[in-house]
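Step one of this worksheet: look at the structure below.
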Amino acid sequence: MVSFKSRHFNKEMIMQSVRWYLAYSLSYRDIEEMMQERGFEVDHSTLNRWVVHYTPELEKAFHKKKKRPGNHWRMDETYIKVKGQWRYYYRAVDKENNTIDFLLTLRRDKKAALRFLTKAIGRNGKPSLINIDKSGANKAGIKSYNIENHRRIEIRQCKYLNNIVEQDHRFIKRKTKLVLGFKNFYAAQKTLTGIELVRMLKKGQLRETRGDVLSPAEQFYALAA
């Protein structure tokens, strides 16, 4: 259960502020002004702290109810600016475009690819096949995983088949473009987690319970229940 103890604002206001920032093309100052119109005096820096603090907890609650993805993955990386420097953001989706996992790294090499793959498999199970582009680092990372874990994940290198994950990057980049780069690596990781969480909810990746049919927004708020 997500705790809101000792907060100066109520849970509903905090959760709405966090979701608005993660779901829409709004800045922290935009939300600060919107909350002022509703009678809440909250500083944009406080909003930032809420996002960084609560998104990992919400994503943890989400993963307990996340639908299992398919076993044919599309793996790719894109660029995210942190402290004025481009960093690498690994992502993977299945062939139905369900998000598998994501990881922000300093470098794009075999070690980073292996780290991402280990995280993704640890949380989502082992795929039978991973499609990648012509990246030698990603291919080396998958081969290294197979050797270290005595597994056999088939590697397919077809740029055309990776269009699905490359197109999905756009939804994440659209939001990160607004912030003009993150100020530090830690905040970038946590904020990207929240953006991905909202995206997964919109894709319908949360298992429904007791026949409930909730909107993505209602599912987001329910994660804190």
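The values are calculated or read from the model by the stated rules, or taken from the named source; none is laboratory data. In this text the structure is predicted, and so the values were computed from the model without any measurement. Quick reminder, even Gly has a Cβ in these numbers, built from the backbone with ideal geometry, and neighbours come from all protein chains shown.
Provide a single number: the residues in region 140-165 that are touching a residue at least 24 places away in the same chain (Cβ under 8 Å), of a type in the set (A, V, I, L, M, F, W, C) and not in a loop (DSSP other than H, G, I, E, B).
Adding up the residues that qualify gives 6.
Here's the yes/no breakdown for (1) part of a helix (DSSP H, G or I); (2) surrounded by 12 or more Cβ atoms within 10 Å (Cβ to Cβ):
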{"position": "P127", "(1), (2)": "no, yes"}
{"position": "N131", "(1), (2)": "no, yes"}
{"position": "N138", "(1), (2)": "yes, yes"}
{"position": "Q167", "(1), (2)": "yes, no"}
{"position": "R170", "(1), (2)": "yes, no"}
{"position": "K173", "(1), (2)": "yes, yes"}
{"position": "L201", "(1), (2)": "yes, yes"}
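For (1) under 14 Å from K203 (Cβ atoms); (2) free of Cβ contacts under 8 Å to residues at least 12 places away in the same chain; (3) under 16 Å from the mean Cα position of the chain (by Cα); (4) not assigned by TED's automatic domain parsing to the domain that holds R170, each residue gets a yes or a no:
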site	(1), (2), (3), (4)
E77	no, no, yes, no
Q85	no, yes, no, no
Y88	no, no, yes, no
N98	yes, no, yes, no
A112	no, no, no, no
A120	no, no, yes, no
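Go through (1) modelled with pLDDT under 95; (2) outside the structural domain of K134 (by TED's automatic domain parsing); (3) within 16 Å of the chain's Cα centre (by Cα) and name the single condition V51 misses.
Unmet for V51, out of (1) modelled with pLDDT under 95; (2) outside the structural domain of K134 (by TED's automatic domain parsing); (3) within 16 Å of the chain's Cα centre (by Cα): (1).
Being touching a residue at least 12 places away in the same chain (Cβ under 8 Å) and not hydroxyl-bearing (S, T, Y) is the filter here, so list the residues in region 27-37 that pass it.
Step one: list which residues in region 27-37 are touching a residue at least 12 places away in the same chain (Cβ under 8 Å), which gives 27-29, 31-32, 34-35.
Answer for region 27-37, where residues must be touching a residue at least 12 places away in the same chain (Cβ under 8 Å) and not hydroxyl-bearing (S, T, Y): R29, I31, E32, M34, M35.
How many residues are among the aliphatic types (A, V, I, L, M), out of contact with any Lys or Arg (no Cβ under 9 Å at 6 or more places or on another chain) and not assigned by TED's automatic domain parsing to the domain that holds Y54 if we restrict to region 1-30? Steps first, please.
At the first step, the residues of region 1-30 found to be among the aliphatic types (A, V, I, L, M) are 1-2, 13-15, 18, 22-23, 26.
Checking the rest, the ones that are also out of contact with any Lys or Arg (no Cβ under 9 Å at 6 or more places or on another chain) come to 1, 15, 18, 26.
Add one more test, that the residue is not assigned by TED's automatic domain parsing to the domain that holds Y54, and what stays is 1.
Counting residues in region 1-30 that are among the aliphatic types (A, V, I, L, M), out of contact with any Lys or Arg (no Cβ under 9 Å at 6 or more places or on another chain) and not assigned by TED's automatic domain parsing to the domain that holds Y54 gives 1.
For region 150-191, which residues satisfy the criterion of being of a type in the set (D, E) and either within 21 Å of I80 (Cα to Cα) or not assigned by TED's automatic domain parsing to the domain that holds D76 (or both)?
Residues of region 150-191 that are of a type in the set (D, E), as a first pass: 154, 166, 168.
Hits for region 150-191 are E166, D168.
Return yes or no: is V198 β-branched (V, I, T) and under 19 Å from W50 (Cα atoms)? Give the derivation first.
Details: β-branched (V, I, T): yes; under 19 Å from W50 (Cα atoms): yes.
Against the criterion (β-branched (V, I, T) and under 19 Å from W50 (Cα atoms)), V198 qualifies.
Could you check region 1-115 for helices (runs of 4 or more DSSP H) lying wholly inside it with 1 or more residues that are within 21 Å of S215 (Cα to Cα) and among the acidic types (D, E)?
Because the criterion is at least 1 residues that are within 21 Å of S215 (Cα to Cα) and among the acidic types (D, E), the helices (runs of 4 or more DSSP H) in region 1-115 that meet it are 11-23, 44-63.
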